[in-house]
Amino acid sequence: MMLKRKNMALILVAALFTIAACSSDGGTGSSGDTGKKDGGTDKKKKLEVSVSILDRGQVASDEGTYESNRTTKYINEKSGINVKWVPVVRTESTKKLNTLIAAGEAPDLMWEFGRDYMSTLKDQGAIQPIDDYIEKYSTSYKSYLKAHPELKPYTQFDGKTYIATSARGIDAIANHGMWIRQDWLDKLGLKAPTTMDELLTVMRAFKEKDPDGNGKNDTLGAAFNFNYTGIIQAMYAAHSGLWYLENDKMVKGNFTDRYMDVLALLKTAFDEGLVDKEYITDKNYQKERQLFVTGKAGVYMASWNISPEYRELKQNVPDSKLVPLEPVSTKYGKFGLFQEPPANKLIVFNKNMKDPEAAVKLLDWMVEKNWFDVRFGQEGVHYKLVNGVPQAIDADKNKKETIYAPEYAVLDQWSPKPEDFPIMAAQDAISQDYAKVQGESLKVAMKNKFRRDIPFNPTFPELSETATSFTPLAEEIETKVITGGSQYNAQWGIEQLRKEWKRLGGDNVDKLAQQWYEKNVKGK
């Protein structure tokens, strides 16, 4: 729910007065730490809670760490709660959380975006229901849930609430995105591709025809971040992490016939050198990013919002012209790139949590509009309000001081419109240039509907167990297909995937998934 523009400034002022009032006892906040008793010898302990945070490598060394920086200090000071942040590397987040849980060292609050993963934690007994805590300790979040009944199906298992969440804004529903160097297209006399065959043709031209004009064979068809395979899968409507309905039968994405085309495309791009072959071992995709921002790749498969990369590209290659690229069609039709379901960050409570009141009070504090200054920083320093929209004062300052901050707004309600971006952006030329294409990119990201046949994936223990065993085997098979030359083709790959799934008990899982669909989704 986006703050209403006309009332934004008044609400923020009111929030600041509220914060000041809550912190007037020396920063103890609303936790009931009312001060000294018996002549000043006893003081109530400050509320404490630990929370996971996704480490995307965006905190500069002179800003601190993900555990301690200007945003964490702001939260502790203004909320009156001592919050300990536990970073988990984004690309290995669930693996790290699993390790912490197994060691008995997991934080009180853990969050991720996948409901499937939270179901697994529930089945393992690692998390607990929170209905009683919300009823007992919450005011603001309880009211928020009543105002957003659409979130309820995403928060419950077996009729009990296990997950706290907030509604995604449109910019958070949009996720993946593609970009293309329009200046390269113009130089080579090419049009923006609209089909997968055309996309491959353009990528080949970008690799072979010296689009940067330096006389060297040093350009690539595409670079990407960790969304690469998900983008290809989405264009074929064969996302490996989703289930699809084929003639009203549940089929996991990587067992559809369409998934064979995904493997074939990834193999072609690798074999022909349209992408950098080292990406297989470039786990944090830093080389991929560098290839793009230094002007060596013509297509960028990443996210709809790539503000830091766009700025670096323009600084390195001032004449570059980057524009959003709409997903291309395949022989199966045209499908949108990955779009998220309505529930945002999914927050669960560790079963071993010591102080659930502190956890709920933090959620209440966040949802009471405090997420805004957590996300955007300090008014007058990082932004000023223009028509109720936060306008960046200094893009370079914000790139360092607030780029990582939205991760900490665990109950975030921001939902900008495309026309807001030029207002929000700093006034320097690059920021304003990007704001215009950013608004267009959001429109492109939402133009074509992502194929999601059911609102969320089935969840049951047999599926979790089988998927846990299957995932590393699938990665190994797919790597062989992509990198193994003619010995391993896409047909072999899909047959091996199906074979391994069946060997692990997949037939029974498929049967249970069908029963789950008929009970929980069909006809509802």
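The values are calculated or read from the model by the stated rules, or taken from the named source; none is laboratory data. Fair warning: this is a prediction, and the values are worked out from it, not measured in the lab. Here Cβ is always computed from backbone atoms with ideal geometry, including for glycine, and neighbour counts include all displayed protein chains. Remember, those area values only see protein heavy atoms, side chains included, never the ligands or the DNA or RNA. Shrake-Rupley method; radii C 1.70, N 1.55, O 1.52, S 1.80 Å.
Helices (runs of 4 or more DSSP H) wholly in the stretch 415-524 with at least 2 residues that are of a type in the set (Ser, Thr, Tyr) and closer than 16 Å to LEU242 by Cβ - which ones?
The helices (runs of 4 or more DSSP H) meeting that bar are 461-483.
Out of the stretch 453-501, which residues are open to solvent by less than 40 Å² (accessible area, probe 1.4 Å), under 25 Å from GLU278 (Cα atoms) and in contact (Cβ under 8 Å) with a residue 60 or more places away in the chain?
ALA474, GLU478, VAL481, ILE482, GLY485, ALA490, GLY493, ILE494, LEU497
List pairs: first residue in the stretch 322-335 and closer than 13 Å to ASP197 by Cβ and in contact (Cβ under 8 Å) with a residue 40 or more places away in the chain, second residue hydroxyl-bearing (Ser, Thr, Tyr) and in a loop (DSSP other than H, G, I, E, B) anywhere in the structure, Cβ distance under 7 angstrom, at least six positions apart or on different chains.
These pairs meet every condition: VAL328/THR194; SER329/THR194; THR330/TYR236.
I'm trying to understand the selection: among the residues of the stretch 394-424, which are free of Cβ contacts under 8 Å to residues at least 60 places away in the same chain, surrounded by fewer than 22 Cβ atoms within 10 Å (Cβ to Cβ) and touching a helix residue (DSSP H, G or I) at 6+ places or on another chain (Cβ under 6 Å)?
PRO406, PRO418, PRO422
Taking the stretch 44-69 as the region of interest, how many residues are more than 22 Å from ILE101 (Cα to Cα), open to solvent by 40 Å² or more (accessible area, probe 1.4 Å) and either without any contact (Cβ under 8 Å) to a residue 40 or more places away in the chain or not small (Gly, Ala, Ser) (or both)?
Going through the stretch 44-69 one residue at a time, the tally reaches 8.
What helices (runs of 4 or more DSSP H) lie completely within the stretch 93-176 and have 2 or more residues being of a type in the set (Asp, Glu) and either open to solvent by 10 Å² or more (accessible area, probe 1.4 Å) or at pLDDT below 95 (or both)?
Passing ranges, in order: 115-123, 131-137.
Filter the stretch 277-322 down to the residues that are closer than 18 Å to THR219 by Cα, open to solvent by 30 Å² or more (accessible area, probe 1.4 Å) and among the β-branched types (Val, Ile, Thr) and list them by number.
THR294, VAL317
For the structure I just gave you, tell me whether PHE376 is out of contact with any Asp or Glu (no Cβ under 8 Å at 6 or more places or on another chain), surrounded by 20 or more Cβ atoms within 10 Å (Cβ to Cβ), aromatic (Phe, Trp, Tyr) and without any contact (Cβ under 8 Å) to a residue 40 or more places away in the chain.
yes
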